[in-house]
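A quick write-up on the structure given underneath.
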Amino acid sequence: MYWASLGDFLAMGGHAAYIWPAFAIALAVLLGLALLSRIRLKTAEREHAEARREAGRDGTPDEVRP
């Protein structure tokens, strides 16, 4: 499709009322998913580190421990 101006592009041939909200919703969902994934990753890493500490395995080799 060819648009003569930025206004024509933003109007999307008269369908802008449907297209731009759909893009906004999709973007919000993707950003929310990325944020939620990051939060859950950090929580899982923290729980894993705590479990390793409780088990006495802090990641240091046995030769280094006193």
Inset, instruction - Quote to one decimal, in nm, the extra length available between ALA26 and ARG53 on full extension: 0.36 nm per residue of separation minus the C-alpha distance between them. - result: 5.7 nm
Legend entry - Carbon/sulfur fraction of accessible area - the stretch 1-54, other protein chains in place, 1.4 Å, %: 69
Inset, instruction - For the stretch 1-43, report the accessible area per residue in Å² (1.4 Å probe, heavy atoms, rounded to an integer). - result: 86
Legend entry - Whole-angstrom gap from the stretch 33-55 to the stretch 7-26, using each part's C-alpha centre: 39
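The values are calculated or read from the model by the stated rules, or taken from the named source; none is laboratory data. Note that the structure is a prediction, hence the values are computed from the model and not measured. Areas reflect the complete protein model, heavy atoms only, side chains present, ligands, DNA and RNA absent. Shrake-Rupley method; radii C 1.70, N 1.55, O 1.52, S 1.80 Å.
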